[in-house]
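So the structure is just underneath, and the comments pick up after that.
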Amino acid sequence: MRIYTKEYYTLMMSLGVAELYEPVIDKDYTDEEIEELYQKALDKHIEEERADYDEPPEFDFDEDDDPEYIEMLREELEEYENREPFDEEEAKEEFREMYEDNLEEPDEDLPDWVREAVDPRILAMYFMPEKIYRKLSEQDETNEKKFEELDERVDEAWDDMMEALPEEYEELMDTLEGLEDAYVISFDKTGDEIELKIDGWDDEGEDAVFTLRFDESEVLEDEGVEAHSTVDEDGDMESDCELLYSEMYMEDGKIEVHMMFENNGLKYLTFRCAEAYAYMAANE
């Protein structure tokens, strides 16, 4: 990658991390005090959920709105006024699941020095000891300044790349850009052909599977990208591989594709190819 590097992505993901946490007193917490923190966090969650639930719908209309729109707003208000009582037990269960998920998979955007210094149970409730919190907030400010400077150069480099890209590849680049942060369902390298299936979205925002195929490919860099996907109990696709960024350049008469994935860590894939295609599964 020449533009969206690992360094760029890591710095971007580290921005504003401290804002997600609430400072608590610096001390060694006993199990009983951890329980007290849990109750405090739970009570806060319940009250926030209750406030959201009790927030009346917002209406934005004028005399020019058609009757169907006004009727829809009337129905929304009627549903709000006749809603079921707030389910506190459901809110408690949501918090418990969040807490357990955070224990099982700690926040990867936190620096290692934070995770090593703080009881994971405290972090799982989005609390943080005051000294650690202040230090992380200062680091956030420094990182934000670095990122703003870097982001300006990235924007300029992206514009230069797009300007130099042959017209016949502009649509493909637009497709790749639209698939940023999408799950990779499969990743296959057979001979000199590379094929990826991506769980993306069509122009209407509906789920759609895209196939990316690159023929007569010469791999220049591969940091071990693999994709293992499953369908969860709700029928939603999950994968251990996400396509984060793509870049394209013309080199020695061939298109050179640069990709970065989140695949149990950040990984690069770079190759040149003679032909490149992108299409939705329905067109196969």
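Some points to look at:
- Gyration tensor verdict on region 166-265 (Cα atoms; rounded if a/c is under 1.5, prolate if a/b is larger than b/c, oblate otherwise): oblate
- Less than 5 angstrom separates the built amide H of residue 127 from those of 22, all sequence-distant by 5 or more or on a different chain.
- Modelled label reach - residue 274, point 7 Å along Cα→Cβ, region 238-253 residues with backbone N closer than 15 Å: 253
- Candidates per GluC sites (Glu not before Pro) in region 1-73, loop by DSSP, up to 13 other Cβ within 10 Å: 58, 63
- Per residue value of the accessible surface for the chain (all protein chains in place, 1.4 Å probe), Å²: 62 Å²
- Among the listed pairs 40/145; 27/145; 44/131; 40/131, those with a Cα-Cα distance over 28 Å are 40/145; 27/145.
- Accessible surface of the chain [probe 1.4 Å, protein heavy atoms]: carbon and sulfur percent: 43 percent
- With the simple model of a label 7 Å out from the Cα in the direction of the Cβ, residue 79 to residue 236 spans 2.0 nm.
- Amide hydrogen neighbours beyond the local backbone of residue 208, cut-off 5 Å, H modeled: 200, 201, 202
- Oblate is the label for region 132-200. Its Cα gyration tensor axes, ordered a ≥ b ≥ c, give a/c of at least 1.5 and b/c at or above a/b.
- Sequence-distant contacts, meaning Cα pairs under 8 Å at least 6 residues apart, place the relative contact order of region 18-150 at 51 percent.
- Qualifying GluC sites (Glu not before Pro) in region 144-212, DSSP loop, other Cβ atoms within 10 Å at most 15: 180, 204, 206
- Relative contact order of the chain, defined on C-alpha pairs under 8 angstrom at six or more residues apart (%): 19 percent
- For region 1-98, chymotrypsin sites (Phe, Trp or Tyr not before Pro) meeting the loop criterion (DSSP other than H, G, I, E, B) and having at most 16 other Cβ atoms within 10 Å: 59, 61, 86.
- Largest GNM mean-square fluctuation across 155, 140, 31, computed for the chain with C-alpha springs under 10 Å, falls on 31.
- Under 5 Å from the amide H of residue 223 lie the amide H atoms of 268, each residue being 5 or more positions distant or on a separate chain, with H modelled from the backbone and absent for Pro and chain starts.
- Anisotropy class of region 60-170 from Cα gyration tensor, a/c 1.5 cut: oblate
- Considering only 82, 143, 102, the mean-square fluctuation computed in a Gaussian network model of the chain, springs between alpha carbons under 10 angstrom, is largest for 82.
- Folded to 0 to 90 degrees: helix 31-54 orientation relative to the chain principal axis, Cα: 80 degrees
- Isotropic mean projected area of the C-alpha convex hull, the chain (nm²): 21.2 nm²
- Computed from point charges on the beta carbon alone (+1 for Lys and Arg, -1 for Asp and Glu), the dipole magnitude for region 1-102 about its Cα centre is near 1180 Debye.
- Between region 1-42 and region 113-152, the alpha-carbon center distance in angstrom: 6 Å
- Only helices enter the 222 nm calculation for the chain: every DSSP H run of n ≥ 4 contributes -39,500 (n - 2.57), and dividing by all residues gives -13500 deg cm²/dmol, rounded to 500.
The values are calculated or read from the model by the stated rules, or taken from the named source; none is laboratory data. Treat the numbers as computed from the prediction; the structure is a model and nothing was measured. Cβ coordinates were reconstructed from backbone atoms using ideal geometry, including for glycine residues, and neighbour counts include every protein chain displayed. Heavy atoms of the whole protein, side chains included, go into the accessibility calculation; ligands, DNA and RNA do not. Shrake-Rupley method; radii C 1.70, N 1.55, O 1.52, S 1.80 Å.
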